[in-house]
Structure formats: structure tokens, C-alpha cells
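Trainee: What follows is a structure written as C-alpha cells; I'll ask about it next.
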Amino acid sequence: MGWGWVLLILLFGVGCDAPPKTPAALDLPVYFTADINGRLVPCGCFSGQHGGMTRLRTVLEAEANAAGLRVDVGDALSGTADFEVIQYRYQLQAFGDLHYDALNLGHREAGLSAAQLRELAGKSPVPLVSANLLDAATRQPVVAPYRIVERGGFKIAVIGVLDAVGLEDRLGSGLVVEPMESALGVLLPKVRPQVDLIVLLAFTDEPGMARLAQQFYELNVILGGRVRQPAQELKRENRSVIYFTTNESRALGFLGLLLKGPSDFSVQGNEIRLLHDRIPEAAAVVALAKAYRAEVRTARLALDDPERLQADQVPGVRTAASYVGSESCLTCHPEAAAKWKDSGHAHAFETLARVDADADPRCLSCHTVGFGTPSGYRRELGAARLTQVGCESCHGPGSLHVRQYQGDTSVSFKVRPLGEGDCRKCHYGEFSRPFDWATFWPKVAHGTKAVPPAQP
Ligand code: HEC
Ligand code: HEC
Ligand code: HEC
Ligand code: HEC
């Protein structure tokens, strides 16, 4: 054997048995959200609100590393009403503009019908994924079960699942949920050999995530979820790292991964970032919210149909009184009227109009009288009747009370006494500064003197 052979063996001999060349290690920042709950923009009911996809955009846009992974774990939708689905389409556009890689289906999305989900997925700029939400007819996943993305030569599978628990009576028509475990049991052996990293978007609670990690060694990263609070710390379980977030778009999850090879990675950093009120709201998303409001303004929605509202009422429990409007109360209650006119309540509809939200059904219930009930405010009334937080927003429908004091002796109606609980129907959560009766009531308290009914 001559020197030439030795040289050849030295040059190529080792190389022949070596595994395929792995790419250089890759910094992979992973950003994830969950439970955005329709908050394209915060409602603006008081200043200092956190979150909104507006702020999500500002933060992600400032992010230099474009190679990152961006995913949503589910419950981006706020509900299954027609206007909420319209808004979801604008949210999908916002996710697309933010270069999200995949959106998992949560419980709210699973309340849509199979047909709606297929249509949304068909038009979404970002793939919707769910491995265990199935079409009841075909028993096949109703959207893609997973997708594989490539970053710096590494292949990453993003798989979606959602917990069947809690979905029982909310599941949309034409859908069934397969247990997460059985869907993953079939999928993972197929996907694992194709990729370097598996990221599971798991719309489930903490014990659910831990169970999946224990059962499937293939899972590298599990992102949740269906939790009450964002994760306090990174958890490790079996061979997975587990991290989760929630809070209606106020908290953004971040994981800094360093990928080295198949299932070979380390976590360089992790953080749940608060999208606080000092982060500016991105104009591009504000514009999408505006476009949503313009579209719902002219759309014919189910709740515009009074017949339908009537049908929603429980039979036999028909509300006897109907809404007549604050104007009908003012003459007999001048003292209360004067106090009311001076309060913010009397201008609550103009407040909505100022932000173009006066036709947005998500805003009307607290800024008008009786919205969503048969005799209450309807959108086609515009600014004409039953607008503002009127007398009847608190005291209830007043037709019988008015008839009684106008001299109809056949009516004997007692206006219900009110208290703090009646304020909290509107003053709660993100819709109000923390409500405190002792400081709020004095600002709107009104006289008790009614002028005796004028004799006709
Ligand atoms: C659950 C009831 C409720 C809903 C729904 C609601 N609001 Fe409000 N809104 C309130 C209450 C209560 C206040 C007063 C809060 C306070 O004084 O702390 C308010 C105040 C406001 C204000 C005035 C804020 C200020 O600083 O003066 C704006 C603007 C507003 N809401 C916009 C909206 C928009 C837009 C929507 C729909 C996306 C909406 N609201 C939905 C209850 C509601
Ligand atoms: C025709 C005159 C008249 C009109 C219109 C009228 N009220 Fe009254 N209201 C009265 C009188 C009189 C009383 C009894 C005052 C008393 O007993 O001291 C009363 C009492 C009340 C009370 C105290 C609780 C009760 O049942 O005694 C409330 C609350 C009230 N009215 C709200 C309203 C509201 C809201 C409207 C508009 C929907 C309205 N009123 C329209 C005359 C009127
Ligand atoms: C039907 C929904 C609703 C109910 C019920 C309601 N509020 Fe309000 N409240 C609002 C809205 C909307 C605003 C914001 C009005 C605006 O500025 O446009 C508001 C604003 C206020 C404000 C700040 C504005 C001002 O005039 O000082 C106070 C205080 C207040 N509410 C107290 C109360 C109290 C006390 C109750 C219960 C007795 C109550 N509210 C019940 C919807 C409601
Ligand atoms: C934000 C909620 C709210 C609004 C709006 C409101 N009220 Fe009241 N009203 C109350 C509460 C709370 C009380 C005190 C508790 C009670 O008497 O039930 C009260 C008390 C009254 C009383 C006195 C009842 C008594 O004990 O003598 C009258 C009359 C009355 N309101 C009429 C009106 C009229 C008229 C309007 C519209 C111009 C109006 N209210 C708007 C919440 C409201």
C-alpha cells in the first residue's frame, strides 16, 4: 500500500462514517403568547391598561433576531359570536404581520364549527395547528396537526394540542377532541426523525403539561397554556422544558434557546415580559382595530335582529317592563336628572363614538341601555335612543313604573333597590379602575325627591 492510499484514508476514511454535518449552533429566541382574548387593542376604559396586540407588535418589532420562533398557544379569539370571528380575522392579519410561525387552537377557537375553522385556516397568513381537534365526520385533524420550520439549518416541528377537559359543552359543531396523548402517540414517532427540535403548543394546565412530558421523551419544549398565572420559573420534567403564559395579552413568554444538534439544546435565558402601559401602541395594529370597527359598523350581525333576541329569552320569564329611555324619567326626577347629566354616565356613548367604537358590540353593553335585550339599545338606533349609561342601565326597564305614576292604576311596580353589586356589573376587571363604593358612589349619587305625577 503506497503513501497515496494512506493519505486517502486519512482524508476520507473518518469522514465516511461520520454523521451528516450538523449546522453551527444557533441562537433561537422563542416568543409565545396565550389567551389574547380578542385584545387587538386594550378597550381604553381607564388609562394605564397593559397589553394589547398593539404593544406586542412594538416589543417584537424591536427584536433584532429575525430568526426567532413566534407562536401562540391558543385562546386568541374572544368568543364565537359573528363579530368576534370578524375581529379574529384582523387578529390573524396582525399575527401574520408579526411573522408568527404557528397558532394553536385553544378552547375558544374550538367553540367554532369545523367549517368555520377550515375557512379561517384557509385564509390565515399564519398556519393554525391542532393535532387532536378532529373533524367529526372524517376523524382527521380539522387544521394542520403541526408544521415544520427551518432556522439556520435546523428543523423545528411545532405541534398543537388542546385539553379535552373543560370543552365538553363548548365544542363547535362538527368537531370532536381526541385525547392529547393518543394524538401525540401516533404523531411523535413519525415527526421525531425528521426534525432537530420539537416544540409542543399545549393548551392545557400545569399537571397536563407535566403528564405529557412524562409520557413522551420526544418533546423538547412544551409551551402552555390554559393556566391562571404565567410561569414563575422554567420547569424541567423528564426531557422537556416547560414554560407557560396567559393574561389576555399582558404577558409575553420568552425562551432563549441555543440549538446544537438533534434534541441537543440549552436554555440560555427565560422571561415572562409584562407588556406594560408605557410601551407605545403600534400604529399598524391600531389601524387594524379601526378597520375591524369599520367592518362591524356596516355588517349585519345576529344581535341586530330583535326577533332573535326575543327567541333567546327564557319562555315564561318574559320581562314585563321594557326600556323607555332616560328622557322619560327626567321630568319627574329633576334632582336625580341634574346629577346624572353632570356625571360621566350621561356621556358614555359619546365616549365610544370618540374612539369609533360606537358600533362595536363588544363595547355597547356597558355604554348603552339594555343592549342585547329585546327592548334595549340596537345598533340601528345610532345615537338616537337608549344611549349612554342611562337611568335604566342601573334601575332596570322603566315602562311600568312610568305608566304607574302617569296614573295607570292597573300597574303596581316597584323599582328594585340597588347597591354596589349593580355597579360591578360594568365596573370590573379591565373595564374599570378598581371599584370602590365609598369613593365612586358619591360622585354619581343623586337626589331622592320625585315630583308628584302631573295630572293629565
Ligand atoms: C363591562 C363593561 C364595559 C365594557 C364591555 C366596555 N366598557 Fe368602556 N367603560 C366601562 C366603565 C365602567 C368605564 C369607567 C371606568 C372608570 O371610570 O374607571 C368605562 C370607560 C371607558 C372610556 C373612558 C375612559 C376615560 O379615561 O375616560 C372609554 C374610552 C371606553 N370605556 C371605551 C370602551 C371601548 C372602546 C369598549 C369596547 C372595546 C368598552 N369601553 C367596553 C365599562 C365598559
Ligand atoms: C310620571 C312621573 C315619573 C316618571 C316619568 C318616572 N318616575 Fe320614578 N318615581 C315617581 C314617583 C312619584 C316616585 C315615588 C317617589 C316617592 O315615593 O317618594 C318614583 C320613584 C322612583 C324611584 C324610587 C324607587 C321606587 O320605586 O319608589 C326610582 C328609582 C325611580 N322612580 C326611577 C325612575 C326611572 C328610572 C324613571 C324613568 C324610566 C322614572 N323613575 C320615571 C315618578 C316618576
Ligand atoms: C351599565 C354599565 C355601568 C353601570 C351599571 C355603572 N357604571 Fe359607572 N361608568 C360606566 C361607564 C361606561 C363609565 C364611563 C363613562 C364615560 O366617561 O364615558 C362610568 C363611569 C363612572 C364613574 C366616573 C365618571 C364620573 O362621573 O365620575 C363613576 C364614579 C362611576 N361610573 C360610578 C358608578 C357607580 C357608583 C355605579 C353603581 C351605582 C356605576 N357607576 C354603575 C358604566 C357603568
Ligand atoms: C349608575 C347607576 C345609576 C344611574 C345611572 C341612575 N341611578 Fe338612580 N340610583 C342608583 C342607586 C345606586 C341609588 C341608591 C340606591 C337605591 O335607592 O336603590 C339610586 C337612587 C335613585 C332614586 C332614589 C330612590 C330612593 O331611595 O328614594 C331615584 C328617584 C333615582 N335613583 C332615579 C334615577 C334617575 C331618574 C336616573 C336617571 C336620570 C338615575 N336614577 C340614574 C343608581 C343609578
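Trainee: Taking the residues in the range 329-374 that are of a type in the set (Ser, Thr, Tyr) and at pLDDT 95 or above as candidates, determine which candidate is farthest from the chain's Cα centre (by Cα).
Mentor: If we take residues in the range 329-374 being of a type in the set (Ser, Thr, Tyr) and at pLDDT 95 or above, then Ser343 is farthest from the chain's Cα centre (by Cα).
Trainee: Being buried (at least 18 other Cβ atoms within 10 Å of the Cβ) and under 18 Å from Asn270 (Cβ atoms) is the filter; apply it to the range 27-45 and report the residue that is nearest to the chain's Cα centre (by Cα).
Mentor: Per the criteria, the residue is Ala34.
Trainee: Quick one: which of Arg89, Arg108, Arg170 is closer than 30 Å to Leu364 by Cβ and touching a His at 6+ places or on another chain (Cβ under 9 Å)?
Mentor: Testing whether each residue is closer than 30 Å to Leu364 by Cβ and touching a His at 6+ places or on another chain (Cβ under 9 Å) leaves just Arg170.
Trainee: Additional query: So the check is Cβ under 6 Å with 6+ separation or different chains; which pairs have a first residue in the range 418-433 that's within 7 Å of ligand 1 (Cβ to nearest atom) and a second one that's open to solvent by 50 Å² or more (accessible area, probe 1.4 Å)?
Mentor: Phe431/Cys45; Arg433/Phe46
Trainee: Taking only the range 185-205 into account, find how many residues are more than 30 Å from the chain's Cα centre (by Cα) and not aliphatic (A, V, I, L, M).
Mentor: 6
Trainee: Cβ-Cβ distance below 6 Å, separation of 6 or more or different chains: which pairs start in the range 277-289 with a residue that is under 19 Å from Ala357 (Cβ atoms) and end on one that is surrounded by fewer than 19 Cβ atoms within 10 Å (Cβ to Cβ) and among the hydroxyl-bearing types (Ser, Thr, Tyr)?
Mentor: Cβ pairs passing all conditions: Ala282/Thr58.
Trainee: Also, I was wondering about something else. Report whether or not Val411 is open to solvent by less than 40 Å² (accessible area, probe 1.4 Å), in contact with a Lys or Arg (Cβ under 6 Å, 6 or more places away or on another chain) and over 30 Å from Asn247 (Cβ atoms).
Mentor: Answer is yes for this residue.
Trainee: Would you be able to tell me the number of residues in the range 189-237 that are in a loop (DSSP other than H, G, I, E, B), under 20 Å from Tyr146 (Cβ atoms) and modelled with pLDDT of 95 or more?
Mentor: 9
Trainee: Identify the residue in the range 46-59 that is more than 17 Å from the chain's Cα centre (by Cα) and not in a helix (DSSP H, G or I) and, among all such residues, is farthest from ligand 3 (Cβ to nearest atom).
Mentor: For the range 46-59, the residue satisfying everything is Gly48.
Trainee: Name the pairs: first residue in the range 392-405 and away from ligand 3 (no atom under 16 Å from the Cβ), second residue not β-branched (Val, Ile, Thr), Cβ to Cβ under 6 Å, at least 6 apart or on different chains?
Mentor: The qualifying pairs are Ser399/Ala321; Ser399/Ser322; Leu400/Ala321; Leu400/Phe413; His401/Phe413; Val402/Ser328; Gln404/Phe413; Tyr405/Pro453.
Trainee: Please enumerate the residues belonging to the range 314-328 that are open to solvent by 60 Å² or more (accessible area, probe 1.4 Å) and at pLDDT below 95.
Mentor: Result: Val314, Pro315, Gly316, Val317, Arg318, Thr319, Ala320.
Trainee: Could you list, ordered by first residue, the pairs with Cβ atoms under 6 Å in which the first is in the range 440-451 and in contact (Cβ under 8 Å) with a residue 40 or more places away in the chain and the second is open to solvent by 70 Å² or more (accessible area, probe 1.4 Å), at least 6 apart or interchain?
Mentor: His446/Lys339; Gly447/Glu335; Lys449/Glu335
Trainee: How many residues are in a loop (DSSP other than H, G, I, E, B) and more than 23 Å from Val199 (Cα to Cα) if we restrict to the range 102-141?
Mentor: Residues in the range 102-141 being in a loop (DSSP other than H, G, I, E, B) and more than 23 Å from Val199 (Cα to Cα): 6 in total.
Trainee: Looking only at residues in the range 345-359 that are touching a residue at least 60 places away in the same chain (Cβ under 8 Å) and not acidic (Asp, Glu), which one is surrounded by the fewest Cβ atoms within 10 Å (Cβ to Cβ)?
Mentor: Val355
Trainee: Which one of these does Ala383 not meet: (1) more than 25 Å from Tyr428 (Cβ to Cβ); (2) open to solvent by 50 Å² or more (accessible area, probe 1.4 Å); (3) more than 16 Å from ligand 1 (Cβ to nearest atom)?
Mentor: (3)
Trainee: Among the helices (runs of 4 or more DSSP H) lying completely within the range 289-391, list those that include at least 1 residues that are of a type in the set (Val, Ile, Thr) and closer than 22 Å to Ala445 by Cβ.
Mentor: Counting at least 1 such residues, we get 348-354.
Trainee: Criterion first (touching a helix residue (DSSP H, G or I) at 6+ places or on another chain (Cβ under 7 Å) and either open to solvent by 30 Å² or more (accessible area, probe 1.4 Å) or touching a residue at least 60 places away in the same chain (Cβ under 8 Å) (or both)) does Leu201 satisfy it?
Mentor: No, not satisfied.
Trainee: Note down all Cβ pairs under 7 Å where the first residue falls in the range 263-276 and is assigned by TED's automatic domain parsing to the domain that holds Arg57, the second is among the aromatic types (Phe, Trp, Tyr) and modelled with pLDDT of 95 or more, and they're at least six residues apart or on different chains.
Mentor: Asn270/Tyr243; Asn270/Phe254; Glu271/Phe254; Arg273/Phe254
Trainee: In the set Arg139, Arg147, Arg151, which member is in the same structural domain as Gly111 (by TED's automatic domain parsing) and on the phi > 0 side of the Ramachandran plot?
Mentor: Only one candidate qualifies: Arg139.
Trainee: Can you work out which of the residues in the range 150-173 that are outside any loop (DSSP other than H, G, I, E, B) and open to solvent by less than 10 Å² (accessible area, probe 1.4 Å) is farthest from Glu109 (Cα to Cα)?
Mentor: Taking the candidates together, the pick is Phe154.
The values are calculated or read from the model by the stated rules, or taken from the named source; none is laboratory data. A quick note: this is a predicted structure, and the numbers were derived from the prediction, not measured. All Cβ positions, glycine included, derive from the backbone under ideal geometry; neighbour counts span all protein chains shown. Keep in mind that these areas ignore ligands, DNA and RNA; they rest on the heavy atoms of the full protein, side chains included. Shrake-Rupley method; radii C 1.70, N 1.55, O 1.52, S 1.80 Å.
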